[in-house]
Amino acid sequence: MAKKSLIQREYKRQKLEEKYRLIRRSLKNKIKVSSLSIKETREIQRKLQSPPRNSAPTRLHRRCLFTGRPRANYRDFGLSGRILRKMVHACLLPGATKSSW
């Protein structure tokens, strides 16, 4: 089980990212306009750097829903590999089967 403080920190990052998502998107769309001068694009880039660092989407980390483990996560299930394997063996995930050959 991951430390509670790390899980809360990740939750805080998710909230910040949601809060600043529209601002970042609109500024990036302004940069894409080709009719801007270099000074205008630099000014927009400075504005893009002004939100908190933890509001950047690249800082988000996918975690397991049960254990909070940050590594070896499967996007389709939101689970780490260990928990996914246990649940597949117990037939708790519909449509997922244990491979055998």
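Brief remarks follow.
- Residues in the stretch 58-74 that a label on residue 7 would reach, taking backbone N under 14 Å of a point 7 Å out along Cα→Cβ: 63-70
- Lysines whose Cα lies under 25 Å from that of residue 30, excluding same-chain neighbours fewer than 8 positions away: 15, 19, 39, 47
- Summing charges over neighbours of residue 87, with a neighbour being any other residue whose Cβ is under 15 Å away from its Cβ, gives +4 when K and R count +1 and D and E count -1.
- Note on the chain: helix-only mean residue ellipticity at 222 nm, from DSSP H runs of 4+ residues weighted -39500 (n - 2.57) and normalised by residue number, equals -16500 deg cm²/dmol.
- For the chain, the convex hull spanned by the alpha carbon atoms encloses 152 Å³ per residue.
None of the figures in this text is laboratory data; all of them are computed from the coordinates on show. Predicted model, so just to flag it, every value in this text is computed and none were measured. Don't worry about glycine lacking a Cβ; one is built from the backbone with ideal geometry, like all the others, and counts go over all protein chains shown.
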